[in-house]
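Here is the structure we will look at, set down as C-alpha cells.
The values are calculated or read from the model by the stated rules, or taken from the named source; none is laboratory data. Predicted, not measured: the structure shown is a model, and the values here were computed from it. Methodologically, a virtual Cβ is constructed for each residue, glycine included, from the backbone with ideal geometry; neighbour enumeration extends over all protein chains shown. Just the protein is used for accessible areas: all its heavy atoms, side chains included, with ligands, DNA and RNA removed. Shrake-Rupley method; radii C 1.70, N 1.55, O 1.52, S 1.80 Å.
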Amino acid sequence: MRVLRVRDPFYRGQLAIAALFCSLGFQYATWAARIPAIKADLGLSAAEVGVLLMAAGVGAAVSFPLVAMLMRRFDSRRIAVLSAIGLALMLPALAAAPNFPVALAVMCFDGFLVGCLNVSMNAQGAALESRHERNAMARLHATFSGGSLLAALVASGMNAVTSTVAVHFAAAAVILFLLVAYASTGLLTEERAAEGGTDSQESEEKETQGVEGVEGEKKGKWALPSRMTLWMCCAMAFGTVTEGAMNDWSALYLKDVAKASAELAPLGIAVVSGMMVVARLFADGWRSRWGDGRIVVVGSAVGGVGLALALLSGGLVPALIGFACVGLGVAAVTPCVYVAAANQGSDTLTLVAAMGTTGLLAGPPLIGFIAHASSLAWGLGAVAASALVVSLCGTRIRWTSPAAAPGTAEEAVLTQG
C-alpha cells in the first residue's frame with residue numbers, strides 16, 4: 001500500500017524541520033526589511049545602524065560555549081522549539097525598543113537565539129539524513145531562502161496597510177508562532193546509544209576528529225577542535241560571508257557601479273536568491289550523484305571565478321551573470337558542511353554553526369567597510385575571494401556521504417515525536 005507523503009516518517013520529519021528553516025529566514029528578513037523605519041524611529045546615524053547590525057553577529061559569535069553546553073545537556077528538538085519561540089518574541093521587543101542601547105541589547109540576544117536555532121535545526125536535518133539514509137539538507141536550506149522571500153512579501157503588504165513597525169512585527173510574530181507550532185509536531189527526538197561504538201568505529205573517529213576531540217565527547221566536555229574541524233569552520237565562515245554579502249550589496253553595486261536604473265537594480269538580489277533557491281531544490285540529487293566534496297569545491301570555485309570575471313568586465317549583463325554564478329555555486333556549500341560537521345559530533349556542529357551565523361550576520365558590514373575604504377567593486381572582489389577560499393577549504397575536508405554512514409550524526413537512535 002502506498003504511504004501518503006504527509007504520513008511517511010521521512011517526509012513528516014522533513015516538513016517539520018523545514019518549518020524551522022523557514023522561520024529563521026522569515027525572522028531574519030523581517031527585521032532586515034524594516035531597518036530604514038527602525039533607523040528613523042530611533043533617530044540613528046548610518047554608523048549606528050552598522051553597529052546595530054554588528055550586534056547580532058556579536059551575539060551569534062559569543063553564543064558558542066553556551067550552545068555547546070546546551071546541545072550536550074538537552075536534545076536538539078527542545079532547543080530548536082524554545083529558540084524559535086524566543087526569536088518570534090524578539091520582533092515585538094525590537095519594535096518596542098525606546099532607544100539605541102536597548103535596541104543593541106535586543107539585537108545581541110537575537111543573534112544568540114539565531115545561533116541556538118541554527119545549530120539545533122541543522123542537527124535535526126543531519127539526523128534525518130542519517131536515520132533514513134536519504135539526502136534532505138539542501139532542500140531544507142532552500143526553505144530558509146523561501147522564508148526570506150515570504151518575509152519580503154509580507155513586509156511589502158504590511159507597508160501598503162500601515163507604516164507602523166510594531167504592527168508589522170506583531171503580525172510576523174504570529175506567523176512565526178504558527179510555524180513553530182507546526183514544526184513541534186514532527187521534529188525528531190533523540191535517544192543516545194547506551195553503549196559506545198566498536199573498536200573500529202572508535203579508531204576511525206580518532207583519525208578524523210583527533211584523540212582530544214573523541215575523549216572530550218566521551219567526557220561530555222568541550223575539547224580543542226581538530227584540524228579538519230578548523231577547515232570546516234573556515235569553509236562555513238567564508239561561505240556565509242559570500243552568501244550574506246551578495247544579498248545585501250548586489251543591488252547597490254548594480255545601481256552605483258553598473259549604472260543600472262532604479263527598476264533594474266533589485267534584479268541583483270533576485271538573481272542571487274532565485275538561483276540559490278533553484279540550486280538547493282536540486283542539490284540533494286547532485287550530492288547523491290557526485291558527492292558533497294565535489295559539489296563544494298567545484299561550486300564555490302565557479303562562484304568565485306564567475307563573480308571576479310564579472311567585476312573585471314563591468315556592466316549590467318556581466319554582473320547579473322556573475323551573480324547567477326555565485327547563487328548557483330555556493331547554494332550547496334552550507335548544507336554539505338553542516339552534514340560533515342554533524343558527522344563529527346555535537347561540539348563540531350555547534351562550532352561550525354556558530355561560525356556560519358557569525359559570517360552571515362557580520363559579513364555584510366565587513367564588506368561595507370572594505371567598500372568605504374576603497375570602492376564597492378573591491379568590496380565584491382573580496383566576496384569573490386571568499387568563495388575561492390571556500391573551494392580551497394573543501395579540498396581539506398574529509399567528506400562522508402550521509403547514505404554511506406548511517407547513524408553517525410550524534411551517534412543517535414531517532415524516532416518520530
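Being more than 18 Å from the chain's Cα centre (by Cα) and open to solvent by less than 40 Å² (accessible area, probe 1.4 Å): is that true of Gly25 here? In short, no.
Listed by first and then second residue, the pairs with beta-carbon distance under 9 Å, at least 6 apart or on different chains, first residue in segment 85-96 and free of Cβ contacts under 8 Å to residues at least 40 places away in the same chain, second assigned to a helix (DSSP H, G or I) and of a type in the set (Phe, Trp, Tyr), are Gly86/Phe109; Gly86/Phe112; Ala93/Phe109; Ala93/Phe169. Looking at this structure, is Ser45 in contact (Cβ under 8 Å) with a residue 40 or more places away in the chain and more than 27 Å from Ala171 (Cβ to Cβ)? The answer is no for Ser45. Out of the residues in segment 224-271 meeting the condition of being part of a loop (DSSP other than H, G, I, E, B), without any contact (Cβ under 8 Å) to a residue 40 or more places away in the chain and closer than 13 Å to Gly315 by Cα, tell me which one is most open to solvent (accessible area, probe 1.4 Å). Residue satisfying both the conditions and the ranking: Ser261. Of the listed requirements (1) open to solvent by less than 10 Å² (accessible area, probe 1.4 Å); (2) outside any helix (DSSP H, G or I), Val326 misses just one: (2). Under the condition of being under 24 Å from Glu243 (Cβ atoms), among the hydrophobic types (A, V, I, L, M, F, W, C) and open to solvent by 40 Å² or more (accessible area, probe 1.4 Å), the residues counted in segment 36-61 number 6. One residue stands out in segment 60-82 among those that are more than 18 Å from Phe21 (Cβ to Cβ) and small (Gly, Ala, Ser): the one that is farthest from the chain's Cα centre (by Cα), namely Ala68. So, of the residues in segment 352-363 that are open to solvent by 10 Å² or more (accessible area, probe 1.4 Å) and of a type outside the set (Gly, Ala, Ser), which turns out to be modelled with the lowest pLDDT? Among them, the one singled out is Leu361. When restricted to residues that are more than 16 Å from Thr348 (Cα to Cα) and touching a Leu at 6+ places or on another chain (Cβ under 7 Å), segment 61-84 contains 5. For Leu89, the stated conditions hold: it is at pLDDT 95 or above and either under 24 Å from Gly345 (Cβ atoms) or part of a helix (DSSP H, G or I) (or both). Scan segment 113-166 for residues that are open to solvent by 40 Å² or more (accessible area, probe 1.4 Å), under 24 Å from Leu53 (Cβ atoms), without any contact (Cβ under 8 Å) to a residue 60 or more places away in the chain and assigned to a helix (DSSP H, G or I) and the total you get is 3. One residue is enough: does segment 369-391 have a residue meeting the conditions hydrophobic (A, V, I, L, M, F, W, C), assigned to a loop (DSSP other than H, G, I, E, B) and open to solvent by less than 40 Å² (accessible area, probe 1.4 Å)? Checked segment 369-391: no residue is hydrophobic (A, V, I, L, M, F, W, C), assigned to a loop (DSSP other than H, G, I, E, B) and open to solvent by less than 40 Å² (accessible area, probe 1.4 Å). Residues in segment 82-107 that are of a type in the set (A, V, I, L, M, F, W, C) and open to solvent by 50 Å² or more (accessible area, probe 1.4 Å): 6 in all. Restricting to segment 32-53, what's the tally of residues that are more than 25 Å from the chain's Cα centre (by Cα) and part of a loop (DSSP other than H, G, I, E, B)? Residues that pass the stated criteria total 3.
Considering segment 392-406, the residues that are outside any helix (DSSP H, G or I) and of a type in the set (Gly, Ala, Ser) include one that is modelled with the highest pLDDT, namely Ser401. Checked against the criteria, Arg72 does not count as more than 23 Å from Ala95 (Cβ to Cβ), assigned to a helix (DSSP H, G or I), modelled with pLDDT of 90 or more and open to solvent by 50 Å² or more (accessible area, probe 1.4 Å).
Pairs, please: C-beta under 6 Å, at least 6 apart or cross-chain, first residue within 8 Å of Ala138 (Cα to Cα) and in segment 280-293, second open to solvent by 10 Å² or more (accessible area, probe 1.4 Å)? That search, which allows pairs on different chains as well, returns Arg280/His141; Asp284/Asn135; Asp284/Arg139. Filtering segment 274-293 for residues that are buried (at least 24 other Cβ atoms within 10 Å of the Cβ) and among the acidic types (Asp, Glu) leaves a non-empty set.
State whether one or more residues within segment 300-322 are in contact (Cβ under 8 Å) with a residue 60 or more places away in the chain, surrounded by fewer than 24 Cβ atoms within 10 Å (Cβ to Cβ), of a type in the set (Val, Ile, Thr) and touching a Ser or Thr at 6+ places or on another chain (Cβ under 7 Å). No, segment 300-322 contains no residue that is in contact (Cβ under 8 Å) with a residue 60 or more places away in the chain, surrounded by fewer than 24 Cβ atoms within 10 Å (Cβ to Cβ), of a type in the set (Val, Ile, Thr) and touching a Ser or Thr at 6+ places or on another chain (Cβ under 7 Å).
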